[in-house]
Structure formats: C-alpha cells, structure tokens
Amino acid sequence: MKKKWVANVSLLFVAFIWGVTFVIVQNAISLVPPFTFNAIRFFLAGVILLIIERMLKGKSTSAYKKSLLPGAVVGCFLFGGYLFQTFGLLYTTSSKAGFLTGLSVVLIPVFSFIFLKQKTGMFAIIGVAIATLGLFLLTTESGFSLNRGDALVLCCAVSFAIHILLNGTYSKQYSVLHLTTIQILTVAALSAGCAVFFEDWSVLLSAALWRNASFVFSLFITAVLATALAFFIQTAAQTLISPTRVAIIFAMEPVFAAVAGILFASERLSVAAAVGGVCIFLGMILAELPNKPVKKETQAA
C-alpha cells in the first residue's frame, strides 16, 4: 500500500512537471519548430538515460535486447500522440486541443476493458466522469464545435491512451530503465524524421540559437526533468498503478499549467476554469477510494 501511495505522489509530481514546463515549451517552439525541438529534447534525454544505464549495468545485456521491440512499440505510440497533436493544432485552438487530448482519461478504462479484460471500479468510473467534466470546463470557454483539427487531436488522445496501456503492461515484464530509454530514443528518431520532411531543422545550426540562454534553459529543463526523469517515473509507477488511475492523475497537468500561467505569464483564470480544476482534483481523489468487496451470499444449512 505504501509503495502505491509513493507511486501516486510520483505521478502527480510528473503531472506537475509537465504542467509548469508547458509555458517553457511554448517559448522554445517559438524559436525552434516543434518536431525539431522534440528531436533534440528526446535525444538528449535518451543519452542521459544511456549514460545512467552504463554506470549501473555496464555493457549491454540480453535483457536490454529483449526490451528493444516493446520499447520501440511504446515509443511509436508516444510519438503518435505528439504527431497528431502538432498537426491538429494547425486547424484547431489550443483550448480544444487540451480538452480533446485529455479525453485519454475516458479512453483508457474503455480500452482496458476491451483489450485487457480489466474492469474499472465504480469510484474510478465516477472519477473519470468528473475529471472529464473538469477538463471541459478548464479548457473550453467559448463554445465547442468539431473540425478536422479536432479529429487529429482525438487521434492524439487515442495514441496517448494506448501508450499508457502498453507502458503499464510492458513495465511489469521488462527493465523499467531499458524500456524508458528505448521509447524515448524512438520518439527522438521519429521526431528527427518529421523535422527533416516538414520543418526547417537547419535552425539548429544557428550559433545565435545556442547563445540564447532562454532556449538552452528550456532544452535542459525539458530534457532532464520533463522527459528523462518524468517518463522513467511514469514507467516505474505503472508497475504498481492501473492505467485508469495514471490517466486521472495526469489530468492534473492542465491544472498545474493554468496555475503556472497565472504565476509566471500573468494569465487570468475564469470561474468555469477554476471549477474545472476542482473537478479534476475531486476526480483524482475519487479514483483512489477503495471499492467495497462483494460479499458472497451464504446458503443456510
């Protein structure tokens, strides 16, 4: 039980990191295109984890080789989330994209039941519903309609949901460090490919860019904290926590992002958005409540 609580708090810390670094990432991609930035960000994170692996394990082992395919598969779905989100944002607003991406909270218990035959407790279902309402209130304030960009972002939510499901499954079978390293390097490689085909990646060759303290700081923080550390914590925590609970905890990310925007970017939070944040928090708490065990009826002798 104690380990599960540590895992819960650790995942909440990850959501906090992703939330507060959202503004940092926005500033970075104003200087460098998104796929180009993700390529260098995930590459540096992967290198950091490789160095740690060598320090702890030494040379490559058969266990590492067994993790290659699972890690690559998980990494492909993680990259798919970024891919669909990036192109979706070309045709939709960031607020709607935030809500639709958060729908992975709803998709995960559905996918868990369909593909893994895992049933979700009543409190978790209620928590999912309340968290989804909170996401809607927090991220959509001026009506809601769907367009082709929204469809792409929905594909992003599906990709992130499958990533969490597979990560939870494989983390119990393979080395957490190996699995994390491989999926991060997979995202780096695929992002680099997209950068070559869709973006002006040559901006990385600019000396002025690397003299920009803001960019270097953003790259360091996101590579070390928001990528290497965050995904390692997620993979380790998923050995103990169900995918549904992981998704509900991660729904706190836009809450932390909103708070960071208020503190560091002078943004204002509407009443609806504040209520949405409270709903997400309540949904997370409800998901942690234990379900009552079903009592077996005993027949009279």
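The values are calculated or read from the model by the stated rules, or taken from the named source; none is laboratory data. All values reported here derive from a predicted model rather than from experimental measurement. Every residue, glycine among them, receives a Cβ derived from its backbone with ideal geometry; neighbour counts consider all protein chains shown.
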- Restricted to region 232-243 and to residues being out of contact with any Lys or Arg (no Cβ under 7 Å at 6 or more places or on another chain) and farther than 21 Å from Val20 by Cα, the residue surrounded by the fewest Cβ atoms within 10 Å (Cβ to Cβ) is Ala236
- Hits in region 14-33 (condition: within 18 Å of Leu90 (Cβ to Cβ) and either surrounded by fewer than 21 Cβ atoms within 10 Å (Cβ to Cβ) or touching a strand residue (DSSP E or B) at 6+ places or on another chain (Cβ under 6 Å) (or both)): Val25, Gln26, Ile29, Ser30, Pro33
- Message: If the requirement is being in a helix (DSSP H, G or I) and more than 20 Å from the chain's Cα centre (by Cα), which of these qualifies: Ser202, Ser191?
- Response: Ser202
- Task: Specify which of the listed residues (Leu69, Leu83, Leu152) is buried (at least 18 other Cβ atoms within 10 Å of the Cβ), assigned to a helix (DSSP H, G or I), out of contact with any helix residue (DSSP H, G or I) (no Cβ under 6 Å at 6 or more places or on another chain) and modelled with pLDDT of 85 or more.
- Result: Leu83
- Qualifying residue in region 116-126 (condition: of a type in the set (Val, Ile, Thr) and assigned to a helix (DSSP H, G or I)): yes
- Task: For region 174-185, state whether one or more residues are out of contact with any strand residue (DSSP E or B) (no Cβ under 6 Å at 6 or more places or on another chain), of a type outside the set (A, V, I, L, M, F, W, C) and either surrounded by fewer than 18 Cβ atoms within 10 Å (Cβ to Cβ) or within 13 Å of Ile40 (Cα to Cα) (or both).
- Result: no
- region 205-215, residues that are surrounded by 13 or more Cβ atoms within 10 Å (Cβ to Cβ) and part of a helix (DSSP H, G or I): Leu209, Phe215
- Pairs, please: C-beta under 9 Å, at least 6 apart or cross-chain, first residue farther than 22 Å from Gly75 by Cα and in region 23-44, second surrounded by fewer than 19 Cβ atoms within 10 Å (Cβ to Cβ) and acidic (Asp, Glu)? Val32/Glu199
- Residues Phe220, Phe232: which one is under 15 Å from the mean Cα position of the chain (by Cα) and within 14 Å of Ala45 (Cα to Cα)? Phe232
- Message: When you check Phe37 against the structure, is it farther than 18 Å from Ala213 by Cα and either at pLDDT below 95 or surrounded by 15 or more Cβ atoms within 10 Å (Cβ to Cβ) (or both), yes or no?
- Response: no
- Query: Among Val255, Val246, which is the only one that is crowded, with 23+ Cβ neighbours inside 10 Å, modelled with pLDDT under 85 and in a helix (DSSP H, G or I)?
  - Reply: Val255
- Gly276 is checked against (1) assigned to a loop (DSSP other than H, G, I, E, B); (2) under 22 Å from Lys96 (Cα atoms); (3) of a type outside the set (Phe, Trp, Tyr); (4) in contact (Cβ under 8 Å) with a residue 12 or more places away in the chain and fails just one. What number does that condition carry? (1)
